[in-house]
Amino acid sequence: MTRETRFAVQGPYDLALSLASSQRYTRISRGDEGAFRAGARVDGEPTVMEVSQVENDPPVLAAAGTGGAQLPLVQQAAEWMLFGGLSLKPFYEQVGGYPVMERAVRRLRGLKPSRPPSLFEMAVTAVTEQQISMAAAYQIRTRLVEAFGDRIPVREEEDGEPTYYAFPEPERLAFVSKKALQGCGLSGRKAEYILGLARGVVNGEIDLEGLRDLSDEDVRASVTDLRGFGPWSADYILVRGLGRLDCVPASDLGVRTVVGNLLGDGSRMAEEEVRTALAPFAPYRGLAAFYLLRYGSIEGD
């Protein structure tokens, strides 16, 4: 990958820190220099994207892609996956004066979330993570991608380079069997949910890309109307997939636990208690929860 494009992103930003916080649960790999590598589809073509940080203040990234991927489209995909347009400064100002949050943002300055390159992958991710750990769900998705995704050749593979895959398209998953999906570790119900999602996208009954133009409430209504997708899935897709950073999956066990530990009396909070505890951080309540989850994992180490 010799050709690259360089572009500024909203700061502050620390790519290496951001990758370290998510690499155990995503298909993004982190190189020795803190570089991002991931399989994705760029203009429909399976591509290995590589992104590195070349300047810190202001932050500048360099992006490249394998094959004939057009660099402007590689840049666009990288900006989407890494929340390049998100400025953290207003969030840091919003949480000022709250000791726990101030410690969290001081320790994690420049941390941003990452997300899958497509809303279809985001929706499948939400299904796999229902009621199990993110680490276990990641293992299931890895098997799913290796079984049904597109393998992307990389010339350096013989030197120990990992194998990269583009996530299977709806057209591929719509025509696999329920048994084949269960072979990846999915329960029967979750296999049915993914099949229904993929088939709905293929036949035009489900428009995931159209969610981008809807209000938060309309997104919730549209997502919860899908079989297998409840309020937790809707809020998870809103905050992570669509970048609606005031949305919180407040029923999430991990969120309830960490918010109770760091903002409460140490006991796990109820869903409404989580919403009350995070209320001062609007319009960044989802981002605040993300920081608390990462900060709580560091404090617990």
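Here the Karplus curve 6.51 cos²θ - 1.76 cosθ + 1.60, taken at θ = phi - 60°, turns the phi angles of the range 173-179 into couplings of 6, 5, 10, 8, 8, 4, 4 Hz, with x standing for Gly and Pro.
Cβ neighbours within 10 Å, averaged per peptide: list 58-71, 232-245 in order, most packed at the top.
Values: 58-71: 18.0, 232-245: 21.7.
In decreasing order of mean packing, 58-71, 232-245 become 232-245, 58-71.
Each 5 Å bin from 0 upward holds the following percent of the Cα-Cα pairs of the range 132-248: 2, 11, 16, 20, 20, 15, 9, 4, 2, 0. For the chain, return all DSSP H helices satisfying: extent of Cα atoms along own axis at least 20 Å; mean Kyte-Doolittle hydropathy at least -0.5. Long hydrophobic helices here: 134-148, 188-202, 285-300. In plain terms, the residue of Asp218, Asp265 with the fewest other Cβ atoms within 10 Å comes first and the most crowded comes last, giving Asp265, Asp218. Checking (1) 1.33; (2) 0.95; (3) 0.97 against the coordinates, the calculated Rg/Rh (Cα atoms, Kirkwood Rh) falls under label (2). In this structure the amide hydrogen of Asp150, modeled in the peptide plane, comes within under 5 Å of the amide hydrogens of Ala166, none closer than 5 places in sequence on its chain.
Taking amide H atoms as placed 1.01 Å from N in the peptide plane, the amide H of Ile206 lies under 5 Å from those of Val201, each 5 or more residues away in sequence or on another chain.
Grab the beta carbon distance between Phe175 and Thr276, set R0 = 45 Å, and tell me the FRET efficiency rounded to 0.05. Provide the component values of the computation, followed by the final result.
Values: r = 46 Å, r/R0 = 1.03.
The calculated FRET efficiency here is 0.45.
For every helix of n ≥ 4 consecutive DSSP H residues, a contribution of -39,500 (n - 2.57) applies; sum these over the chain, divide by its total residues, and give [θ] at 222 nm rounded to the nearest 500 deg cm²/dmol. Walk me through the intermediate numbers first.
Working: 14 runs with 133 residues, N = 301.
After summing the helix terms and dividing by the residues of the chain, the value is -12500 deg cm²/dmol.
Values quoted throughout were computed directly from the atomic coordinates according to the rules given, and no laboratory measurement underlies them. The structure displayed is predicted, hence computed values, not measured ones. As a convention, Cβ positions derive from the backbone with ideal geometry for all residues, glycine included, and neighbour counts pool all protein chains shown.
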